[in-house]
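The values are calculated or read from the model by the stated rules, or taken from the named source; none is laboratory data. All values reported here derive from a predicted model rather than from experimental measurement. Ideal geometry is used to build each Cβ from the backbone, glycine not excepted, and the neighbour counts take in all protein chains shown. We work out accessible area using only protein heavy atoms, side chains counted, and drop any ligands, DNA or RNA first. Shrake-Rupley method; radii C 1.70, N 1.55, O 1.52, S 1.80 Å.
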Amino acid sequence: RVTAPSRINGEARRVVGAPFDGYLQAQFARAGDVVRADAPLAELQDNDLVLTRLRHLAARRQTQLEHDRALAKRDLAEVAIARATVEQKDAEIALAEAMLERARIRAPFDAVVVSGDLSQSIGKPVARGEVLFELAPLDRYRVTIEVPETAIGDIRTGQTGRVLLTALPERSFGFEVQSVTPVSRVVDGVNSFEVLARLSDVDERIRPAMEGSAKIEVGRASLLWIWTHTFFDWLRIQAWSWWP
C-alpha cells in the first residue's frame, strides 16, 4: 500500500452569485453552515422591483380597458394593438415577478457553504454576477492524495484504498482512484503528484477541507521487498549518477 497525506474536497463546487445589481438586505447562512435545498442564503433589497411590478400592473389594466373599448367599437386595428400591448405588459410583469423571486438567493441542493460570509456587508452594493457563496454537495466528495514521486509509478486509475481523517479517527472511508494529475508540486519538502479519488463511503459528519492519511492498494509483495525497496531504489539512482 502507498501511504500519503490526503484532503477531502467537494466533488464539485457551485458558485452562487448576485442575480442583478442591487443592495444586500439580509444574510441567512455563512461559511461552514449546512443548508438544505431551497433554503435561503441571502436576500437583496427589492423595493424598486416591487414598484416596477405595480407600475406594470397599472399599465396593463389601462391597456386592458383600451382593448375592451376598441372591442366594443369593433375597431379591429385598435383591438390588435391593444392586445399586443397587453401581452407585452404581461411579459414585463412576469419578468418583474421572476426578479422578485430571485432577490431571495436560495441553495440549489443540499450543501455545505464552503465560502461566503456577508454578515459585515449588509447594505453593501453588489454587482450582477458577483460571487456571494460557494457550495459543495453533502453527498459527493473526492479525496485529493499527495503521492510522493517515488511511489507515483505504482498508482493506476481504478485502484482502491481507504482514508483515515484526523477529525474522525474512529473509522476509515473507502475510495477509488479516478485520475493522476501530470503536474507535481512540493509538499513538506517532497515532490508530490495529486491523485484524485472518489469517496465511496459517505458520512454526514464529513466536511470539505478535512485532512488525513490515505492508503492506496497497489498490489502484493513480500514484506522484505516492502521494507527494503525504497532504499534499493535510492541506491540505484545514486549509483547511476556516480557511474562515469
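Kirkwood Rh over Cα pairs of the chain into Stokes-Einstein at 10 °C, 1.306 mPa s: D in µm²/s? The diffusion coefficient I find is 69 µm²/s.
Converting phi to 3J(HN,Hα) with the Karplus coefficients 6.51, -1.76 and 1.60 and the offset θ = phi - 60°, the range 236-244 yields 5, 5, 5, 5, 4, 6, 7, 5, x Hz in sequence order, with x at every glycine or proline.
Under a 5 Å amide H cut-off, with hydrogens placed 1.01 Å from N, residue 17 pairs with 132 among residues at least 5 apart or on other chains. Fully extending the segment from residue 26 to residue 243 would add 71.1 nm, taking 0.36 nm per residue of separation and subtracting the current Cα-Cα distance. Computed over protein heavy atoms with a 1.4 Å probe, the accessible surface of the range 1-85 works out to 62 Å² per residue. Looking at the range 194-233, the trypsin sites (Lys or Arg not before Pro) that sit in a DSSP loop and have at most 14 other Cβ atoms within 10 Å of their own Cβ are 205, 220. Each Lys or Arg adds one and each Asp or Glu takes one away; over the other residues whose Cβ falls under 14 Å from the Cβ of residue 158, this sums to -1. When nucleic acids and ligands are ignored and a 1.4 Å probe is applied, residue 145 ends up with an accessible area of around 0 Å². How many angstrom lie between the Cα centre of the range 74-121 and the Cα centre of the range 9-61? First find each Cα centre; the distance between them is then 12 Å.
Magnitude of the charge dipole for the range 87-169, about its Cα centre and with charges confined to Cβ atoms of Lys, Arg (+1) and Asp, Glu (-1), is about 180 debye. Below 12 Å, Cα to Cα, which aspartates and glutamates can residue 215 reach? Residues fewer than 8 away in the same chain don't count. In chain and number order, the partners are 146, 176. In the assembled protein chains, residue 185 presents an accessible area of approximately 120 Å² (probe radius 1.4 Å). Whole-percent P(r), the range 128-244, all Cα pairs, 5 Å bins from 0: 2, 9, 16, 17, 17, 15, 9, 6, 4, 2, 2, 1, 0, 0. The residue list 200, 231, 112 was ranked by how far each Cα lies along the charge dipole of the chain toward its positive end, using unit charges on Cβ atoms, and 200 comes out on top.
For residue 179, the amide hydrogen comes within under 5 Å of the amide hydrogens of 196, counting only partners 5 or more places away or on other chains and with H modelled in the peptide plane. Take every Cα pair under 8 Å whose residues are at least 6 apart in sequence, average their separation, divide by the length of the chain, and the relative contact order is 30 percent. Annotation for the range 68-110: trypsin sites (Lys or Arg not before Pro) lying in DSSP loop with at most 13 further Cβ atoms inside 10 Å of their Cβ are 73, 74.
How large is the convex hull of the Cα atoms of the range 35-142 per residue, expressed in Å³ as a whole number? Walk me through the intermediate numbers first.
Details: hull volume 14.6 nm³, N = 108.
Taking the convex hull of the Cα positions in the range 35-142, it is 135 Å³ per residue.
Extent along the principal axes, Cα only, for the range 82-165: 76, 36, 22 Å, with the longest axis given first. Using a 1.4 Å probe on the protein chains only, how many percent of the accessible area of the chain belongs to carbon and sulfur? Its accessible area is 54 percent carbon and sulfur atoms.
Along the range 61-69 the Karplus relation, 6.51 cos²θ - 1.76 cosθ + 1.60 evaluated at θ = phi - 60°, assigns HN-Hα couplings of 4, 5, 5, 5, 5, 4, 5, 5, 5 Hz to successive residues, with x for each Gly and Pro. Sequentially through the range 170-179, phi angles give Karplus couplings (6.51, -1.76, 1.60; θ = phi - 60°) of 7, 8, 9, 10, x, 8, 10, 5, 10, 7 Hz, Gly and Pro residues having no value and appearing as x.
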